[in-house]
Amino acid sequence: MVRYAAMTGTGAYIPEKVLTNVNLENIVDTNDEWIRQRTGIVKRHIAEPDMAVSDLCLRAARRAIKDAEIDPLDIDLIIVGTVTSDTLFPSTACYVQRGLGAKKAYAFDLAAACAGFVYGLDLADGLIKSGRYETILVIGGEVLSRIVDWTDRNTCVLFGDAAGAAILQATDEEKGILASYCGSDGDYSDTDLLGVPAGGSRMPATCETVNQKLHTIKMRGREVFKLGVRIMPEAALKALALAGITIDEVDLFIPHQANIRIIEAVGDRLGIPREKVYINVDRYGNTSAATTIVALDEAIREGRVNSGDMILMVTFGAGLTWGSTLIKL
Ligand code: UT7
């Protein structure tokens, strides 16, 4: 009997506090018009100082659990995709486990930057299909506002905080993850292309690393832009080919929400009509591992997708990492 990993529940949590482009004009030398035109972002949400990423993930997870109508004790595994974990260790996933009381699960974080959630889905799908587990919680969550250099206009206008979660459960019906494809290329792992140089074993924290702002996001935006526009359509086509599905059969396309110009270029390359492309980068900015699952959760709540619809997700991020997944709701 063929097993599938059905997505039986989703949830998201967006912090209340809003930071608009106009607010940013008081922080760095930027302006609303530049940010809108070059990125499509209008505002982003910022977590309160007393909240760590596990607090966001926990809220999103509780909503997904409720949506799936399961008990936290049903969960076999918790995977959290994040680059802004509460602490270097223990993992954020263990904090989420404690918060949920998901005693039966094992829990770990997945470090794949923006691709963290899609990588998590791929793993969960494999583990469910293999017959090892029945119920897996996959989360993508970030508090990027903690690792942004608020004096660097090239990066600080781009990012926001959010978390999204999905429950995957074994089923013998042909639904859920129909295909997924992940890749990475460590030749692009230089931290100045996209990364945080200090705070790990390569460059532990010192007064100097703090003074030089080496614990914050560095990015060569234009290069990352071009890589995203090239890699995401290729990755999306791979998942479609694996599932034997054409782009015309996709009801909703959810690309990584980093920049409206990247989203439109990727959609155009795939030949998918604009009305089938989900966009919320205007409201949240780039929330890294959270973007795709927050978008899917919203699309479901808005009634933009329904049971049986075909959703294509694609993402890319630091590493480089990338991944795509085709989900039948
Ligand atoms: O999750 C994946 C990771 N990230 C991404 O996918 C982001 C990929 N990259 C991008 O989205 C874009 O490259 C950016 C939005 C980061 C930058 O847009 P761009 O069109 O590539 O602009 P640019 O870096 O070529 O900069 C153009 C100009 C520069 O001025 P000069 O040198 O032409 O005088 C920048 O200094 O815009 C200036 N600039 C700004 N001006 C006002 C850069 N940031 C700002 C700003 N406000 N915030």
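Within segment 278-289, not a single residue is more than 16 Å from the ligand (Cβ to nearest atom), open to solvent by 10 Å² or more (accessible area, probe 1.4 Å) and part of a loop (DSSP other than H, G, I, E, B). Does D248 fit the bill of being over 19 Å from D122 (Cα atoms) and either under 18 Å from the mean Cα position of the chain (by Cα) or among the basic types (K, R) (or both)? Considered against the rule, which asks whether it is over 19 Å from D122 (Cα atoms) and either under 18 Å from the mean Cα position of the chain (by Cα) or among the basic types (K, R) (or both), D248 comes out as no.
Selection within segment 254-272: residues that are more than 16 Å from the ligand (Cβ to nearest atom) and within 30 Å of D192 (Cα to Cα). The member of this set that is surrounded by the most Cβ atoms within 10 Å (Cβ to Cβ) is L270. Of the residues making up segment 211-224, those that are in a helix (DSSP H, G or I), touching a residue at least 12 places away in the same chain (Cβ under 8 Å) and surrounded by fewer than 17 Cβ atoms within 10 Å (Cβ to Cβ) are G221, E223. So in segment 145-172, with the set limited to residues that are over 16 Å from T292 (Cα atoms) and part of a strand (DSSP E or B), which one is nearest to the chain's Cα centre (by Cα)? Per the stated criteria, the residue is Q169.
One line per residue, one yes/no per condition, for (1) in a strand (DSSP E or B); (2) over 12 Å from H256 (Cα atoms):
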position: R269; (1), (2): no, yes
position: E275; (1), (2): no, yes
position: T291; (1), (2): no, no
position: D297; (1), (2): no, yes
position: R304; (1), (2): no, yes
position: S307; (1), (2): no, yes
position: V314; (1), (2): yes, no
position: G319; (1), (2): no, yes
position: L326; (1), (2): yes, yes
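Within segment 104-131, the residues that satisfy the criterion of being assigned to a helix (DSSP H, G or I) and open to solvent by 10 Å² or more (accessible area, probe 1.4 Å) are A113, C114, Y119, D122, L123, D125, G126, L127, K129.
Restricting attention to segment 25-39, the residues being touching a strand residue (DSSP E or B) at 6+ places or on another chain (Cβ under 9 Å) and within 21 Å of E142 (Cβ to Cβ) number 2. Return a yes/no flag: does segment 119-139 have any residue that is out of contact with any His (no Cβ under 6 Å at 6 or more places or on another chain), within 15 Å of the ligand (Cβ to nearest atom) and under 18 Å from S54 (Cβ atoms). No, because not a single residue in segment 119-139 is out of contact with any His (no Cβ under 6 Å at 6 or more places or on another chain), within 15 Å of the ligand (Cβ to nearest atom) and under 18 Å from S54 (Cβ atoms).
Considering the conditions (1) surrounded by 19 or more Cβ atoms within 10 Å (Cβ to Cβ); (2) at positive phi, A47 is excluded by exactly one of them, (2).
Of the residues that make up segment 179-190, is at least one more than 22 Å from I263 (Cβ to Cβ), part of a loop (DSSP other than H, G, I, E, B) and either touching a strand residue (DSSP E or B) at 6+ places or on another chain (Cβ under 7 Å) or open to solvent by 20 Å² or more (accessible area, probe 1.4 Å) (or both)? Yes, some residue in segment 179-190 is more than 22 Å from I263 (Cβ to Cβ), part of a loop (DSSP other than H, G, I, E, B) and either touching a strand residue (DSSP E or B) at 6+ places or on another chain (Cβ under 7 Å) or open to solvent by 20 Å² or more (accessible area, probe 1.4 Å) (or both). Each residue in segment 241-255 was checked for being in contact with a Phe, Trp or Tyr (Cβ under 9 Å, 6 or more places away or on another chain), in a helix (DSSP H, G or I) and either under 19 Å from E275 (Cα atoms) or at pLDDT below 95 (or both), and 1 pass. The condition of being modelled with pLDDT of 95 or more, surrounded by 18 or more Cβ atoms within 10 Å (Cβ to Cβ) and either acidic (D, E) or under 24 Å from I263 (Cβ atoms) (or both) holds for only one of I78, I65, I35, that being I35. In segment 196-247, of all residues being under 24 Å from T155 (Cα atoms) and of a type in the set (D, E), the one that is farthest from the ligand (Cβ to nearest atom) corresponds to E208.
The values are calculated or read from the model by the stated rules, or taken from the named source; none is laboratory data. If you're wondering where the values come from, they're calculated on a predicted model, not measured in any experiment. Heads up, the Cβs are rebuilt from the backbone with ideal geometry, glycines too, and the neighbour counts pull from every protein chain shown. Please note that ligands, DNA and RNA were not included when accessible areas were found on the heavy atoms of the full protein model with its side chains. Shrake-Rupley method; radii C 1.70, N 1.55, O 1.52, S 1.80 Å.
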